[in-house]
Amino acid sequence: MATNDSREKNSPNRSITASKQKDFSEWYVQVLLKSDFIDYTAVSGCIAFRPSAYFVWEKVRDYVDAKFKEDGIENVYFPTLIPEHLLQKEKEHVEGFTPEVAWVTQTGDTKLEERLAVRPTSEAIMYENLSKWIRSWRDLPMRLNQWNNVLRWEFKHPTPFLRTREFLWNEGHSAFASKEEAEAELPRIMGIYEDALKDTFAIFGIQGRKTQKEKFAGAAASFSFEHLMPDGKAIQGPDFHHDEQRFSKAFEISFTGRDERADYIYQNTYAISSREIGVMVATHSDDKGLVLPPNVAKVQIVIVPIYNDKTREEVVKHAADLEKRLASSARILLDSRDEYSPGWKFNEWELKGVPLRIEIGAREIAERSVTVCTRYNSTKEKVQEESLINGIRERLESIQKEMYNNSKRSILSKVRKVLTYEELKLAVEEGFFAQAPWCGDEGCEDRIKDETGAKATNMPLDSQQDAERKSCVLCSRPAHHIVNFARSH
């Protein structure tokens, strides 16, 4: 085997030294950094997406964007900077974001007459224009979306993807003539996001409605997907908000209806963000490193030839031919570097999370077979070469599906139904979603959070009928909702 021992020995120690189960926070950061997925930058709380990470976002963005366009949503773009007077127009909205807003106050040596907010979200800058664009019922519905970055200068401990000060997302903003039309959009958008979670990230989230206390600032009602991380803490996924006429009244977005009467539009907003990349990494990865679902992996298959000086030419040539035959069906890379041993390469590509590794040597060539290693479940099998080539797409699709099913089983196994406060506290302490009946009083919601550290993540849509004839987990008054309580990131 032709190798450069000094190069291999002097390469950085990239193995994961922390345990996912015992030290999730340290493990998570090591996986992201050592796999060359991200890097830190000189700006606190802001990360650099390296090529494999940005590729994930591109795949998700393209998937969701195509679905949006099929549903009649059009892309636009608005400025990053928002004049302060516009941000002040909707009281609840501005109060919700003021602590996180970064301000531009000066250009060069000149102080600005009015502060400009760096976009925490775009309602304020967009709706000033919508008030000019929408005049009559003929202009409706208007369903717009923009792909952009936002800045929220949170003071909590920044964590890559999960809680970064700058992140990427879509901002959907829809305008309708009636409340009924606006409400009908909810299952369509949430359905797109559900498909995206499954078909790209291979992760499952629990759909539900937010409590009034936890809803988006300025919304009338908020809906979300909620995930549970391996450390037993919940984190919010894609969301959707019924804004009703709150923003349209604040920004004077009115229209003349078919009956010649003036009215304010009804609005919705919705988003999926790069936070989901972190959820994906935390859900699937292990103590060997990153584990990527095939649909978002920049490299879906790596071929590692195994040879010595005598067999090198034959094995590398055969591996290159195999690469060409698979290239039309998958994103594939041939690692024929001489300076690293096969074992070093195996560890390297496991660390980087490549879904499939194909090992091929003189013995496999003689048998017309290859050894296939599946990253997510660490299985290894001999497969006939022709069988592999003919079935590679189905194999990758099966991995995507199995990873999603594993995520769904894991989340649902962590939902524990409780009826007493003691049961709730124990479930939260053990890292579960504590699914509990609740009276709807914010006083009870606040007390649960203060005493257990668990907030109301959402009210699962498929569990609300269970509230009938039950008592609030805290005060014993009649329950009106079922809520998943959990500590959160």
> Among the residues of segment 208-228, which ones are crowded, with 21+ Cβ neighbours inside 10 Å and touching a helix residue (DSSP H, G or I) at 6+ places or on another chain (Cβ under 7 Å)?
Replying inline: Gly218, Phe223, Phe225, His227, Leu228
>> I'm told Met280 meets every condition in (1) over 30 Å from Trp344 (Cβ atoms); (2) crowded, with 22+ Cβ neighbours inside 10 Å except one. Can you identify the failing condition by its number?
In response: (1)
>> I need the full set of residues from segment 380-417 which are out of contact with any helix residue (DSSP H, G or I) (no Cβ under 9 Å at 6 or more places or on another chain) and more than 24 Å from Asp199 (Cβ to Cβ), in order please.
In response: Lys380, Glu381, Glu386, Ser387
> Picking from Ile47, Ile73, which residue would you name as being touching a Pro at 6+ places or on another chain (Cβ under 6 Å), in the same structural domain as Pro158 (by TED's automatic domain parsing) and either loosely packed, with under 15 Cβ neighbours inside 10 Å or at pLDDT 95 or above (or both)?
Replying inline: Ile47
>> I need every pair where a residue in segment 12-27 that is closer than 13 Å to Glu348 by Cβ and aliphatic (A, V, I, L, M) has its Cβ under 8 Å from the Cβ of a residue that is modelled with pLDDT of 95 or more and in a loop (DSSP other than H, G, I, E, B), sequence separation at least 6 or different chains.
In response: Ile16/Asp287; Ile16/Lys288
>> Take the residues in segment 294-312 that are in a strand (DSSP E or B) and within 31 Å of the chain's Cα centre (by Cα); name whichever of them is surrounded by the most Cβ atoms within 10 Å (Cβ to Cβ).
In response: Ile301
> What are the pairs, 6+ residues apart or on separate chains, where a residue within segment 188-202 that is in the same structural domain as Lys69 (by TED's automatic domain parsing) and free of Cβ contacts under 8 Å to residues at least 12 places away in the same chain has its Cβ under 8 Å from a residue that is surrounded by fewer than 22 Cβ atoms within 10 Å (Cβ to Cβ) and in a helix (DSSP H, G or I)?
Replying inline: none
>> Let me spell it out: the conditions are (1) under 24 Å from the mean Cα position of the chain (by Cα); (2) among the charged types (D, E, K, R); (3) closer than 21 Å to Ile392 by Cα, and Arg325 meets all of them except one. Which number is the exception?
In response: (1)
>> Which residue is farthest from the chain's Cα centre (by Cα), if the candidates are limited to segment 450-469 and must be more than 13 Å from Arg209 (Cα to Cα) and buried (at least 17 other Cβ atoms within 10 Å of the Cβ)?
In response: Ala467
>> Of everything in segment 243-266, what is under 30 Å from the mean Cα position of the chain (by Cα) and either under 16 Å from Asn170 (Cβ atoms) or in a helix (DSSP H, G or I) (or both)? Give them in sequence order.
In response: Arg246, Phe247, Ser248
>> Going residue by residue through segment 400-413, is there one that turns out to be in contact with a Lys or Arg (Cβ under 7 Å, 6 or more places away or on another chain), surrounded by 14 or more Cβ atoms within 10 Å (Cβ to Cβ) and among the aliphatic types (A, V, I, L, M)?
In response: no
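Within segment 100-144, how many residues turn out to be of a type in the set (Lys, Arg), surrounded by fewer than 17 Cβ atoms within 10 Å (Cβ to Cβ) and farther than 18 Å from Phe255 by Cβ?
Number of matching residues: 1.
The values are calculated or read from the model by the stated rules, or taken from the named source; none is laboratory data. The structure displayed is predicted, hence computed values, not measured ones. All Cβ positions, even for glycine, are placed from backbone atoms using ideal geometry, and neighbour counts span all protein chains on display.
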